[in-house]
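Chemist: One structure, as structure tokens, below. Some questions next.
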Amino acid sequence: MDGYDLFTSHLITVETYYRFLIPELFEKFSKVLYLDGDMIIKRDIKDLFQTDIGNNLIGACHDVTIAGSVNGAEEEHYVYCQNKLKLKDPVQQFNAGVMVMNLEAFRASFTTAYMLDFAEKGKFKYWDQDALNILCEGRVYWLDSAWNYFADEKDGWRGRINQFAPRNLYRQYEQAAKQPYIYHFAGNEKPWFDPNYEYAEQFWTYLRNTPFYETMLQRRMTDTSCYFIEQYKQDMQYESLRHFARRVLAALFPSKTFRGKAARKGYLKIRKILTDTKR
């Protein structure tokens with residue numbers, strides 16, 4: 001990716017744009033199945049790979065969260081899709097975590113350099129996914145939503161946004177929830193960070209049957225210990241600061257003096273106002 005100033009974030013690194021390299025890297029192949037790494041596969045992906053997507057560029061699933069976002073949940077995202085992405089129908093967007101890619105059609109339509117230049121100039125909010133939705137508009141074969149089921153808490157942010165999606169897409173999403181073919185942990189929360197996370201049992205059940213189970217437990221214990229140590233340090237710093245502040249205030253406003261009594265009376269009055277405001 002040398003020579004390109006591609007938009008990234010603290011969560012999304014430049015590697016996300018490697019998807020643009022697939023048609024060129026696999027030049028001897030006519031078709032590729034791309035899958036993100038944060039997934040649990042529950043059905044033979046041979047069935048997915050063998051899907052006939054015709055002359056379309058991509059076979060993918062609707063992004064129900066994007067659909068809900070632009071369909072009433074987040075007006076600013078609808079404006080972004082209209083003005084920045086300039087999509088004919090912003091609801092019809094796919095999630096790039098699962099893609100059956102027609103490499104012959106890609107190579108006939110775009111060069112790698114063109115796609116990278118397009119993404120670099122666009123500086124899109126959702127990185128390469130936004131760029132792909134623009135480039136592939138009108139040439140997407142819509143897969144069963146069960147092939148890319150977002151495994152997020154239903155009462156969380158994504159779950160609430162999803163409910164704004166058009167009725168037909170939300171019904172597809174609910175149907176997919178009954179028997180997902182692929183669980184996609186697409187949000188910031190991951191099951192390896194929190195075993196109590198919804199659908200986390202899917203991850204941990206399979207992890208127990210791998211040689212990496214003990215290694216993962218050790219890492220989680222180490223990470224957790226470091227977290228609590230850091231929190232302890234912060235708490236100690238806070239206590240030290242609070243103790244210092246009390247000493248300064250005691251010196252400026254001695255408790256038995258007129259200044260001290262007036263300061264305490266003012267403090268109690270302000271605290272009461274703040275408490276009443278919160279109510």
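Chemist: If we keep just the residues of the range 17-40 that are within 23 Å of the chain's Cα centre (by Cα) and without any contact (Cβ under 8 Å) to a residue 40 or more places away in the chain, which is farthest from A131 (Cα to Cα)?
Modeler: G37
Each row is one residue, and each column tells you yes or no for (1) of a type in the set (S, T, N, Q); (2) within 21 Å of P90 (Cβ to Cβ).
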| site | (1), (2) |
| --- | --- |
| G156 | no, no |
| F164 | no, yes |
| N168 | yes, yes |
| F185 | no, no |
| E189 | no, no |
| Y197 | no, no |
| D223 | no, no |
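Chemist: Would you confirm, using the coordinates I've provided, whether K125 is among the charged types (D, E, K, R) and out of contact with any helix residue (DSSP H, G or I) (no Cβ under 7 Å at 6 or more places or on another chain)? Show your work before the answer.
Modeler: Details: among the charged types (D, E, K, R): yes; out of contact with any helix residue (DSSP H, G or I) (no Cβ under 7 Å at 6 or more places or on another chain): no.
When the stated conditions are applied, K125 does not pass them.
Chemist: Given the condition free of Cβ contacts under 8 Å to residues at least 60 places away in the same chain and more than 19 Å from G68 (Cα to Cα), answer yes or no: does some residue in the range 133-156 qualify?
Modeler: yes
Chemist: Of the conditions (1) out of contact with any strand residue (DSSP E or B) (no Cβ under 7 Å at 6 or more places or on another chain); (2) touching a residue at least 12 places away in the same chain (Cβ under 8 Å); (3) buried (at least 17 other Cβ atoms within 10 Å of the Cβ), K123 clears all except one; give me its number.
Modeler: Looking at each condition in turn, K123 falls short on (3).
Chemist: Of all residues in the range 52-77, which are out of contact with any helix residue (DSSP H, G or I) (no Cβ under 6 Å at 6 or more places or on another chain) and surrounded by 15 or more Cβ atoms within 10 Å (Cβ to Cβ)?
Modeler: Correct list: I53, N56, I58, G59, A60, D63, I66, N71, E74.
Chemist: Can you find, within the range 172-215, the residue that is farthest from the chain's Cα centre (by Cα) among those that are more than 16 Å from C61 (Cβ to Cβ) and of a type in the set (A, V, I, L, M)?
Modeler: Result: L207.
Chemist: Kindly provide the set of residues from the range 95-109 that are surrounded by fewer than 20 Cβ atoms within 10 Å (Cβ to Cβ) and either without any contact (Cβ under 8 Å) to a residue 40 or more places away in the chain or among the β-branched types (V, I, T) (or both), ordered by number.
Modeler: A108 - this is the single residue of the range 95-109 that is surrounded by fewer than 20 Cβ atoms within 10 Å (Cβ to Cβ) and either without any contact (Cβ under 8 Å) to a residue 40 or more places away in the chain or among the β-branched types (V, I, T) (or both).
Each reported figure results from applying straightforward, stated rules to the coordinates on display, with no laboratory input. Source: prediction; values computed, not measured. Here the Cβ is made from the backbone with ideal geometry for all residues, glycine too, and neighbour counts use every protein chain on show.
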